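Below is one structure, written out as structure tokens; the observations come after it.
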Amino acid sequence: MNSVTQLEYLDNFTTSKTLQQIVKAFPNLEILIAGGNFLRDLTDLDSLKSLKKLEVLNIMNGINKPDSEVRKYAFEILPNLKILDEKDQYGQIYIKPKQEKKQLEIETQINMEQEEVSQEDEESALCSDDSNEEEESNSEDEEDSDLSDFIEKKVKNE
């Protein structure tokens, strides 16, 4: 099973002994998703040291220790590790370069579509402003005459 580079082993009651068996069976793992396995201690991760190609490790909810302690320990003992629980060694969410490029393309597309909609809204607003000006002009005349009539009536009554 030397050709296996990715393994998903979720929600089992894994011990360090089970991790040792995984390491022996899959020595070329680059990605190990083993979240929810309730490991007892940070030292349970020591069995992963021999996975020299391991770059991605997910052990979310696996060790009852603060994330910062787990992160520090894992990155110390696993020299090629790049991502732990979807974050880099500094705790920043990791986005793969391809994902980052795709995300940028999507955001650019969304921005362009929003700009097009904004321009269309502006154009339709300008067109409707022309017709609204006539309506506003007529309604202003009516309001002016109503106001004039009101003033005249008030003056006559006084």
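The figures follow:
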read-out	value
Positions within the stretch 55-71 being of a type outside the set (S, T, N, Q) and surrounded by 13 or more Cβ atoms within 10 Å (Cβ to Cβ), in sequence order	Glu55, Val56, Leu57, Ile59, Met60, Gly62, Ile63, Lys65, Asp67, Val70, Arg71
Candidate set: the stretch 74-88, residues that are in contact with a strand residue (DSSP E or B) (Cβ under 9 Å, 6 or more places away or on another chain) and within 16 Å of Leu42 (Cα to Cα); chosen: the one surrounded by the most Cβ atoms within 10 Å (Cβ to Cβ)	Leu84
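Laboratory data are not the source of any read-out in this text; all were calculated from the coordinates shown. For clarity, every value in this text was computed on a predicted model and none was experimentally measured. Cβ: placed from backbone, ideal geometry, glycine included. Neighbour counts: every protein chain shown.
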